[in-house]
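Remarks on the structure that follows.
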Amino acid sequence: MQPLNFSVPESAPAMRARELLLRLRETFAVRLAAFAEAEGRAGQRGASPSKVVEWLRDEGRHGGGNRQLFGADAGFVSASLNFSQVHYDDIPEKALGSATALSCIVHPQPPAAPSLHLHLSWTQMKRGAGSWRLMADLNPSTEITEDTTSFVRRMDAVCGALSGEATQRGDDYFFIPSLNRTRGVAHYYFERFVPAESGEGPSFAGNFGAAAIDAYADILARRMGDGRSPAAAEFAAQRAYHTLYLYQVLTLDRGTTSGLLVHDQNDEGILASLPPSVDVAILESWIPRTPKPQDALVFNICEVLRTAPVGELDTDKKSLLAGVLRAHYAAHPEALAMQAGDPASPLAASRHTSDDTSGG
């Protein structure tokens, strides 16, 4: 992994969060790289199956981040492991001291292998205690009961008595009212979470992230190396599901929107959760079902995606989509209240804790 070439915050808890999240990312990266090596996808022996892209907040004065990317050579449609840490110790008028985050979004190539979204972030306010935002959700295009069961068993074990609250929050966050369905099949979500911890053992956040990584890697081991040749209908179902994923992220995900409205220094990273290919016709069919003014937002998203090649999301299109969202919420600030999540949380109140990547 390349060194992080940006400044760090003064906060000791933020630095502990940094160490924890970087360790978790390294663990996840090793597990993903193993699939490339097992299938001979890594190319030349010893070559890295991933690349690293860095971004800087105010030229690094206020932190920054980098994302480790795995692509087709490693067996993924897209996979982005995003770390960031921004801080404002030198700006007295800002209430936010620092925000440290790891957001991982993995979309495998085989349609039988589900996508994963994992987000862990520590928000340190200048006055008052810090808190965690923890999310883990499994996103198959076609659900396989064995995979859902194994993921839920692992996450329930680490969440313990808090599992019911976490899944209820997750189910609410990823519910799409206009389509009367939920993105994903298993959701765990903690907002403004301060675990009661003592001693020097592993933190709850660390255990939460490790459990999600382990559970997901076990699922990938079953689905990515099964030797099956997927049917055309499976790929069509995957693309349709990726369309749903994009719809939820761009119209409902508070973390993504907050990140884009704060600054334009990491648009590609903030939109790293988006799959690289969607079905524009399906997306267009949802415009009449989308409440105002979000229907106009979906229409303008389709306008971007209609350009050649249709439905493909490269860097230029992501930049255009970022501009579409900023223009939409500048014209319709009231639409922010329609998004998922807790509008009273530090994420929404400070509008700075998603400087890293999307929450989706």
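For (1) over 16 Å from Gln248 (Cα atoms); (2) not aliphatic (A, V, I, L, M), each residue gets a yes or a no:
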| residue | (1), (2) |
| --- | --- |
| Met135 | no, no |
| Glu143 | yes, yes |
| Val158 | yes, no |
| Asp171 | no, yes |
| Ile176 | no, no |
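Do you know which residues across the range 225-270 are closer than 22 Å to Pro177 by Cβ, out of contact with any helix residue (DSSP H, G or I) (no Cβ under 7 Å at 6 or more places or on another chain) and among the aromatic types (Phe, Trp, Tyr)? Selection gives Tyr241, Tyr245.
Can you find a residue that is closer than 30 Å to Val152 by Cα and in a strand (DSSP E or B) anywhere in the range 51-64? Scanning the range 51-64 turns up no residue that is closer than 30 Å to Val152 by Cα and in a strand (DSSP E or B).
Within the range 24-48, residues that are at pLDDT below 65 sit with their Cβ atoms under 6 Å from residues that are buried (at least 19 other Cβ atoms within 10 Å of the Cβ) and part of a helix (DSSP H, G or I), at 6+ positions apart or across chains, in these pairs: Arg41/Ala74; Ala42/Ala36.
Evaluated against (1) over 21 Å from Leu261 (Cβ atoms); (2) surrounded by 12 or more Cβ atoms within 10 Å (Cβ to Cβ); (3) of a type outside the set (Phe, Trp, Tyr); (4) out of contact with any strand residue (DSSP E or B) (no Cβ under 6 Å at 6 or more places or on another chain), Gly311 falls short on exactly one condition, (4). Consider Lys51 carefully, then state whether it is under 24 Å from Ala217 (Cβ atoms) and surrounded by fewer than 19 Cβ atoms within 10 Å (Cβ to Cβ). Criteria met by Lys51.
With the condition kept exactly as written, say whether any residue in the range 199-210 is crowded, with 21+ Cβ neighbours inside 10 Å, touching an Asp or Glu at 6+ places or on another chain (Cβ under 8 Å) and either in a loop (DSSP other than H, G, I, E, B) or of a type in the set (A, V, I, L, M, F, W, C) (or both). Give the derivation first.
Let us first name the residues in the range 199-210 that are crowded, with 21+ Cβ neighbours inside 10 Å, namely 205, 208-209.
Of the ones still in play, those that are also touching an Asp or Glu at 6+ places or on another chain (Cβ under 8 Å) are none.
Within the range 199-210 (the criterion being crowded, with 21+ Cβ neighbours inside 10 Å, touching an Asp or Glu at 6+ places or on another chain (Cβ under 8 Å) and either in a loop (DSSP other than H, G, I, E, B) or of a type in the set (A, V, I, L, M, F, W, C) (or both)), the answer is no, since none of the residues qualifies.
Does at least one position in the range 271-280 carry a residue that is part of a helix (DSSP H, G or I) and out of contact with any helix residue (DSSP H, G or I) (no Cβ under 6 Å at 6 or more places or on another chain)? Steps first, please.
Keep residues of the range 271-280 that are part of a helix (DSSP H, G or I), which gives 280.
Restricting the remaining residues to those that are out of contact with any helix residue (DSSP H, G or I) (no Cβ under 6 Å at 6 or more places or on another chain) gives none.
No, the range 271-280 contains no residue that is part of a helix (DSSP H, G or I) and out of contact with any helix residue (DSSP H, G or I) (no Cβ under 6 Å at 6 or more places or on another chain).
The residues of the range 95-110 that are in a strand (DSSP E or B) and small (Gly, Ala, Ser), listed by number, are Gly97, Ser98, Ala99, Ala101, Ser103. In the condition set (1) without any contact (Cβ under 8 Å) to a residue 40 or more places away in the chain; (2) crowded, with 21+ Cβ neighbours inside 10 Å, Gly75 is compliant with all but (1).
Restricting the range 256-285 to residues that are within 21 Å of Phe175 (Cα to Cα) and touching a His at 6+ places or on another chain (Cβ under 7 Å), the residue that is surrounded by the fewest Cβ atoms within 10 Å (Cβ to Cβ) is Pro275.
Among the residues of the range 160-194, the ones that are part of a helix (DSSP H, G or I), in contact (Cβ under 8 Å) with a residue 60 or more places away in the chain and either surrounded by 15 or more Cβ atoms within 10 Å (Cβ to Cβ) or charged (D, E, K, R) (or both) come to 3 in all.
Would you say Leu246 is part of a helix (DSSP H, G or I), modelled with pLDDT under 95 and at negative phi?
Numbers: part of a helix (DSSP H, G or I): yes; modelled with pLDDT under 95: no; at negative phi: yes.
Taking the combined requirement at face value, the residue does not satisfy it.
Scanning the range 314-336 for residues that are within 19 Å of the chain's Cα centre (by Cα) and without any contact (Cβ under 8 Å) to a residue 40 or more places away in the chain gives Asp314, Lys317.
The values are calculated or read from the model by the stated rules, or taken from the named source; none is laboratory data. Just so it is clear, the structure is predicted and the values come from calculations on it, not from any experiment. Don't worry about glycine lacking a Cβ; one is built from the backbone with ideal geometry, like all the others, and counts go over all protein chains shown.
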